[in-house]
Structures are given as structure tokens and as C-alpha cells.
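Below is one structure; the comments refer to it alone.
Each reported figure results from applying straightforward, stated rules to the coordinates on display, with no laboratory input. None of these values were measured; they are calculated from a predicted model. Every residue, glycine as well, gets a Cβ built from its backbone with ideal geometry; the counts of neighbours run over all protein chains shown.
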Amino acid sequence: MKNTISIHVGNTSSIIHNNRKTNKHTNADIDVSRSGNNIVLIQENIKVSYEKLFGQAVDEYNKKQKRKDRKINNYLQKVKDSTLDHQKEFIMQIGDYQSLEKIAEEQQCHVWETKEWQLRAETLKQAVLDFQVKNPNLYVYNAIIHLDELNPHAHVNFIPVGENMRKGMSKQVSMNKALENMGYGATFEVSAEAKNVKERGRVKLDNSQNFKQWREDNLGRIKEIAKEVYQNAGQSFDFVEGNKANQHESVEAYKKTVEVAKEKSREIIEEANKDAQKAKYELVDQLYTKWEEDWDFTIKEVPDFKFDASSFESQYQAKIDRDFPRQFQLALKEVFELINQKAKQLMQYLHSRVNQLLDKENELEEKGYDLELAEYEFNKKVKEQNTNLADMAIDLGVDESWRETLIEKGGQIGEFSDGRKINEPFSELIPRLIAEAGEEELENMIEQYRNSQDRGGLSL
């Protein structure tokens, strides 16, 4: 049977969601009546894992410190408070729901009653066990296979352990160092034209290439495991990339689809040019409404939050409140800037609140892991906001290849292999793009948001 294999490595995760320790699921595909079928392979408190992995290294480090303020009391909390990822999540899935549904229809049964479902679950089980063996520097503290959703998939939460570190503790959390310890040592030489003179000519680890190779190696092992599991069951497993198993559209049909799309695009652009001014007024009015709704929501849900917009207050000699944008008929760019400032300050406030809640983590864990759930919902909201801002940035001219980086890092932030760095968070990127945008770009963006409203509402 032709099948795909999907793997994803992320930085955020919710253990209470993965382990089904809460009934507050946002995923409508979860069938709680089948949650008892989930396969728990590894389940260890991350605090215990950190003590087991880094306890000795922390003690050795502290013994060398003469100043008390340099000693580490809680390494896990120290990592959480830094820019490091205190853990990562490896998600793997065999095939998709559509192929399972087709098999179930032929066999006249539920998808989870098919042989294909069982083979996928067994493949995932063996792949998870293989993951820890083949990745000794990636310590798995939680691993579970979900069988209560549309398709079996595995969540593997691990801690990347870097050994023989040059500075600080001898053993630290580090994905790049963990990969190097496991033999992924590709390097590159910094360009002689790099801005940082001291960096020129230096040989550095090519972390991007090492991660890519590690990912490919793990994907390859999952393929081999799948072939063996299916073969032992008297079936074949033929791996295909992406959705190639379902690509049946002919070249001519594809060309026709493209031509229709192009013609439709021309019509949309033509219509946008005719109605640009009207759409601009409509969009501004919608932004006024969104601001008012958001203001009401913030007052209700985050009553302690105080918005500081002194620059606007000085300019208009008025206090910023719910009715301010509509009362003073702010222009499109001004409303965007006001919304962006409030979103940035609210995010900083929520970060501060999360850190305060983390100090009470032990107490909240005893009351049902409410803190972890709040953190999960917060990360979800941040990601939704970053997704909207990323799409806005792309509409304003940022190359679409940046989309995932924009969402993950909160702006156009990254480092190129030649040493160049970009550090432009959304709070700086969006206002700059709006200021630099031409009339045509703004009109096209306005039309995009107008169409978005027609499909169900503007999302900011």
C-alpha cells in the first residue's frame, strides 16, 4: 500500500493534553471514549528527568563558584527563563485519515477497526522505542501514541542533552550540541566578507545542515520499520512523498485550473481597483469595531492590564480608551499601529503573568495542572496572533518563504550561513512595511482583508 510518513519537530507542547490529563480539549477530533486505547510508552515528570540528567553537573558547577549569585538553584527554571528550549517534541504519523476512511468504507467498519490502523499503531510503537536507542543524547521523558483521534500518531517529548560543553556546566540543554555529540558535525567557514571581522574565516558548526540530516536519518529509520512491520503482516509498504499517492489530476487539467485561477485573479484585481477607496473606508470601520471588541474583551478577561499609549495621547491630547479610534477618525496606518502596540504590550504582560504562575507550579500541579493548561492556551493564542501578523507581513511584501520563521520567532528574525543576521520583530516590521508600502500594495492588502470579511470575518 502507498503511504506517507509525516514527522514534525517543535518547541512547544502540552503534556497534560498529550497524556489526556484534562477534559478541556480544543481539538474536536478527540474521541474521549477511545482515549483509554492510547499507548503510553514513557511517562516521567520533567523535574525528575532534569535532576537525573543534570543534577551532578549542577553540583560540580556550583562547587567551582565563589559567588552565591552565580550558583544555580533550579536548572529547569533557569532554562525556562532563558531563550533556550527546555524540551522539544517529535511528532510522527503514518498515512492520513482519507486513506483509512476509504479502507473502512470497503470493509464496512470503523477506521480504528481496520488492519491498516493496527499496522500504523504498531509501526509508531516500534519507531518510538527505536528513537531513544538511536538518539542517545535526546532523552525521552514522555512518549504516547494517540489512538483516540482520526489517525494514529505519536508524541515524543525529549530533552536535548549536550555533553562536553566548553563554558558553564559540563552538561547542558542544547539541541545543536546534542546532534554534534551524536556524530552530526557538518561545518562551514564564515565568509571573508562577513560584517563581524572577528568571525571571518572561522569554521563553525552548520546547525541547519546537521538538523536536516538528523531529520532525514530518523525519517529513513521509520521507513525501514514500517516496511518490516507491514511485511511481517503479509502486506507491503510503499513510501511516497507528500500527497503523491493521491495525485491523479492530469497535466492538461492542471493547466486549465491554473488558467482559470489567473483569470479569476485578474477579475479580483480589477474589482479591487474599482472599489479600493470604498474598501478602505470599510476596512477602517471594521478595524474600529475590532478595536472596540478587543478593548471590551481585554477589560473582561485581563482587567489588570494597563495599556500605555503615551505617544498617541500626546499627539491627540486625549486619553486612549475604547472609543478613541472612531472618535478621532484615525487613519488606517494609525489604527494598525495602535493595535500593534496594544498587542505587544498585552503579550509582554501575559508573559509576566505566566512567569508569576510558574512560581506556583507545584501547587497548581496538585490542583490539576491548571498552569500548564494556561500556558498551552497562551502559546496557542500567541501562535494565532503571530500567524495573522505573518500573513499581513507577506501581504505587504515579505517573501512567503519566511512564513514559518515569522510565526515561530515573532518577526523576521534569523541568521544566514554567511553571518548576516536579521532581527526585526513584528512590533518593528509591520509598522515599517506599512510605512514603505505603495498605494497599490495597500489596496491589494485591503482587498484581501475585505474578502476575508466576506468569508467569515476579519482576524487581527
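Just want the ordering: THR114, THR83, from fewest to most Cβ atoms lying within 10 Å of their own Cβ. Let's see the in-between values first.
Values: THR114 17, THR83 5.
In increasing order of surrounding Cβ atoms, one gets THR83, THR114.
Between ASN379 and LYS115, what length in nm is gained on full extension when 0.36 nm per residue of separation is reduced by their alpha carbon distance?
Details: separation 264, 0.36 × 264 = 95.04 nm, distance 3.68 nm.
That pair, ASN379 and LYS115, stretches by 91.4 nm at full extension.
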* Asked: How large is Rg over Rh for region 5-245, taking Rg from the Cα atoms and Rh as the Kirkwood inverse mean of 1/r across Cα pairs?
  -> 1.04
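Given charges of +1 on the Cβ of Lys and Arg and -1 on the Cβ of Asp and Glu, with all other atoms neutral, how large is the dipole of region 5-245 about its Cα centre, in debye to the nearest 20? Intermediate values should be presented prior to the final figure.
Working: 36 positive and 32 negative charges, 406 e Å.
For region 5-245, the charge dipole is close to 1940 debye.
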* Asked: Quick one: net charge of ALA331's neighbours, Cβ under 14 Å, K/R +1, D/E -1?
  -> -1
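Would you mind working out the magnitude of the charge dipole of region 55-121 relative to its Cα centre, with +1 at each Lys and Arg C-beta and -1 at each Asp and Glu C-beta, to the nearest 20 Debye?
Values: 13 positive and 12 negative charges, 252 e Å.
Dipole magnitude for region 55-121 comes out near 1220 debye.
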* Other-chain or far-sequence residues with amide H under 5 Å of LEU41's (modelled H) -> ALA143, ILE144, ILE145
* To do: Write out the trypsin sites (Lys or Arg not before Pro) in region 60-104 meeting two conditions: DSSP loop, and at most 11 other Cβ atoms within 10 Å of their Cβ.
  => LYS64, LYS66, ARG67
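Under a Cβ-Cβ cut-off of 12 Å, what is the net charge of the residues other than GLY185 that fall near it, where Lys and Arg count +1 and Asp and Glu count -1?
On the way: positive: LYS177, LYS204; negative: GLU180, ASP206.
With Lys, Arg at +1 and Asp, Glu at -1, the neighbours total 0.
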* Structure fact -> Going residue by residue through region 405-414, the Karplus relation 6.51 cos²θ - 1.76 cosθ + 1.60 with θ = phi - 60° gives ³J(HN,Hα) values, rounded to whole Hz and with x marking Gly or Pro, of 5, 4, 5, 5, 9, x, x, 8, 10, x
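For ASP130 and ASP96, what does the FRET efficiency come to when R0 = 30 Å and r is the distance between their Cβ atoms, rounded to the nearest 0.05?
The calculated FRET efficiency here is 0.85.
Can you check what the net charge comes to around SER174, using other residues whose Cβ is under 10 Å from the Cβ of SER174 (Lys, Arg +1; Asp, Glu -1)? All intermediate terms of the calculation are to be shown ahead of the outcome.
Numbers: positive: LYS171, LYS177; negative: ASP85, GLU163, GLU180.
For residues surrounding SER174, the net value is -1.
Could you sort out which of LYS290/LYS409; LYS71/LYS409; LYS290/LYS333; LYS78/LYS195; LYS306/LYS342 sit more than 21 Å apart by Cα distance in this structure? If you can, show how the numbers build up before the last one.
Values: LYS290/LYS409 25 Å; LYS71/LYS409 30 Å; LYS290/LYS333 15 Å; LYS78/LYS195 32 Å; LYS306/LYS342 9 Å.
From LYS290/LYS409; LYS71/LYS409; LYS290/LYS333; LYS78/LYS195; LYS306/LYS342, over 21 Å: LYS290/LYS409; LYS71/LYS409; LYS78/LYS195.
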* Among ILE222, ASN151, ILE103, which residue has its Cα positioned farthest towards the positive end of the charge dipole of region 5-245, with +1 placed on the Cβ of Lys and Arg, -1 on the Cβ of Asp and Glu, and the dipole taken about the Cα centre? -> ILE222
